[in-house]
Each structure stands twice: as C-alpha cells, then as structure tokens.
Amino acid sequence: MEDERKSLEDTAVTEYRAETDAGYTDKTREDTPHAGEEYYSLPGARGRRSLLFSLLSIILSVLSICLFTYYIPALILAVAAIVLSVISRVRLGYFDRLSLVGFTLAIFGAVFGIGAIVMDCLGVLDKLFV
C-alpha cells in the first residue's frame, strides 16, 4: 500500500515538473475557498485577448459618439462596444479600467444615438444641421 502511494507521489511530481517545463505557470490561490491549491494556466493568454476586446470597445464607443447624428450606425457601434466590454469582463472576472471606460463611453454613445432619434422625430436635427 505504501509503495503504491509513494509511486503515485513520484508520478505526480514528475507530471508537475513536465507541465512547468512546458511553459505553464503554477500559481496558488489565496483569496478563494480553495486557498493553497495550485492551478495552471498559460501565461498571459486571457489578458491579451481581454485587452484587445477592451481597446476595441473604446474605439467603437468613441466612433458611436462621433457619429451620433447617424443614429443607426451609432447605436450598432454602441451595442457592439457594450458587448465587447462585457466579454472582456467575463473573461477576466472583473471590469478592468479599459473595459469600464469602453462600457461607459458606449452607454453615452447609445444615449446620444437615442437622443438623435428623438430629435430627428421632433424635427430639431433639420433646424440644427441645415
């Protein structure tokens, strides 16, 4: 029985070393109910993609604010920016600064787009941009 246990421990140590040598990083979780347990992840794979989604969210939301007089593209861009920032939040588990900025600007772009629709229905845009 003890020989089996010792051989299993040796196998586990060998597998652990193989995973760390293959480029995986080992980390311990201290802030979760599973404190002290080790987990493995690829270095930076989630962060880079979430950073890309956050930056795209900011770019699309700024475009939606700039194009608010063309309300249909502005609303589409704002919704796409909101979706990208939420995807970034889901991947990271929290709102980082960039995705929060993109989300906030996208809300402003959507509000401006809806305001442009209301102003167009009332005929105010025709008087302003003649």
Quick one: what pairs do we get from segment 54-67, first residue crowded, with 18+ Cβ neighbours inside 10 Å, second part of a loop (DSSP other than H, G, I, E, B) and acidic (Asp, Glu), C-beta under 7 Å, 6+ apart or different chains? 54/96
Given the residues 74, 106, 116, 110, which is the only one that is in contact with a Gly (Cβ under 6 Å, 6 or more places away or on another chain) and at pLDDT 85 or above? 74
Looking at 102, 109, which one is touching a helix residue (DSSP H, G or I) at 6+ places or on another chain (Cβ under 7 Å), under 20 Å from residue 49 (Cα atoms) and buried (at least 18 other Cβ atoms within 10 Å of the Cβ)? 102
Answer yes or no as to whether residue 79 is of a type in the set (A, V, I, L, M), in contact with a Phe, Trp or Tyr (Cβ under 9 Å, 6 or more places away or on another chain) and over 12 Å from residue 56 (Cβ atoms). no
Restricting attention to segment 44-53, which residues are surrounded by 11 or more Cβ atoms within 10 Å (Cβ to Cβ) and either modelled with pLDDT under 55 or over 16 Å from residue 105 (Cα atoms) (or both)? 46, 47, 49, 50, 51, 52
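The values are calculated or read from the model by the stated rules, or taken from the named source; none is laboratory data. Note that the structure is predicted; figures quoted are calculated from it, not measured. Ideal geometry is used to build each Cβ from the backbone, glycine not excepted, and the neighbour counts take in all protein chains shown.
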